[in-house]
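Novice: Got a structure for you, written out below as structure tokens; questions coming shortly.
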Amino acid sequence: MASIGEYRNDIKRYRALKEKIAYIIGELNSGSENANKLSNEVASSFKINNIPAKVTGRIDILNRSMAETANYLKDTILPSLDRAIDDAHDDIERLEEED
């Protein structure tokens, strides 16, 4: 069984990880927005026989991938970290009541 100090250290690490993941989510969202703009720019500027260049398809795939990764981090990973933090707080309370 872990000590109160170990649980507090876990909470600090979880919170630091949450901050880093939140930053990554922001960067992914920004990249996705920029990829969307780039795709539109390329589609309107680079055409062969009035058909947008194939690179726009690759940009769109990258855009979707960044958006999906950001959503996964936001909807799955961050809530898991919140639960881990809550569990650590519960364990601290339980240990404090035992003392």
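Novice: Taking every pair of distinct Cα atoms and averaging 1/r, then inverting, what Kirkwood hydrodynamic radius in Å comes out for the chain?
Specialist: About 16.3 Å, per the Kirkwood formula over Cα pairs.
Novice: Measuring from label point to label point, each 7 Å out along Cα→Cβ, what is the K20 to A2 span in nm?
Specialist: Roughly 1.6 nm, to one decimal.
Novice: Further, regarding this structure: Which value, in debye to the nearest 20, gives the size of the charge dipole of the chain about its Cα centre, when Lys and Arg are +1 and Asp and Glu are -1 at the Cβ?
Specialist: Numbers: 14 positive and 19 negative charges, 247 e Å.
Once rounded to the nearest 20, the dipole reads 1180 debye.
Novice: Could you tally up the Lys pairs in the chain with alpha carbons closer than 25 Å? Skip any pair fewer than 8 positions apart unless they're on separate chains.
Specialist: Step by step, the pairs that qualify in the chain add up to 7.
Novice: Report the accessible area of K18, computed with a 1.4 Å probe over the heavy atoms of all protein chains in place, in Å² rounded to the nearest 10.
Specialist: Here the residue's solvent-accessible area equals roughly 60 Å².
Novice: Sticking with this structure for a sec: Across region 55-69, in residue order, what do the Karplus-derived ³J(HN,Hα) couplings come to in whole Hz, using 6.51 cos²θ - 1.76 cosθ + 1.60 with θ = phi - 60° and x for Gly and Pro?
Specialist: 4, 4, x, 5, 5, 4, 5, 4, 4, 4, 4, 5, 5, 5, 5
Novice: Further question: Which value in deg cm²/dmol, rounded to the nearest 500, describes the helix-derived mean residue ellipticity at 222 nm for the chain, given -39,500 (n - 2.57) per DSSP H run of n ≥ 4 and division by the residue count?
Specialist: -29000 deg cm²/dmol
Novice: OK, next. Name the most mobile residue of N40, N49, N71, meaning the one with the largest mean-square fluctuation, in a Gaussian network model of the chain with Cα contacts below 10 Å.
Specialist: Sorting by GNM fluctuation, first place goes to N49.
Novice: In whole percent, what relative contact order does the chain give with Cα contacts below 8 Å and a gap of six or more residues?
Specialist: Relative CO of the chain lands at 45 percent.
The values are calculated or read from the model by the stated rules, or taken from the named source; none is laboratory data. Everything quoted here is computed from the prediction, not taken from an experiment. When we count neighbours, we look across all protein chains shown, and the Cβ atoms used for this are built from the backbone with ideal geometry, even at glycine. The protein model used for the area step is the full one, side chains on, heavy atoms only, and it has no ligands, DNA or RNA in it. Shrake-Rupley method; radii C 1.70, N 1.55, O 1.52, S 1.80 Å.
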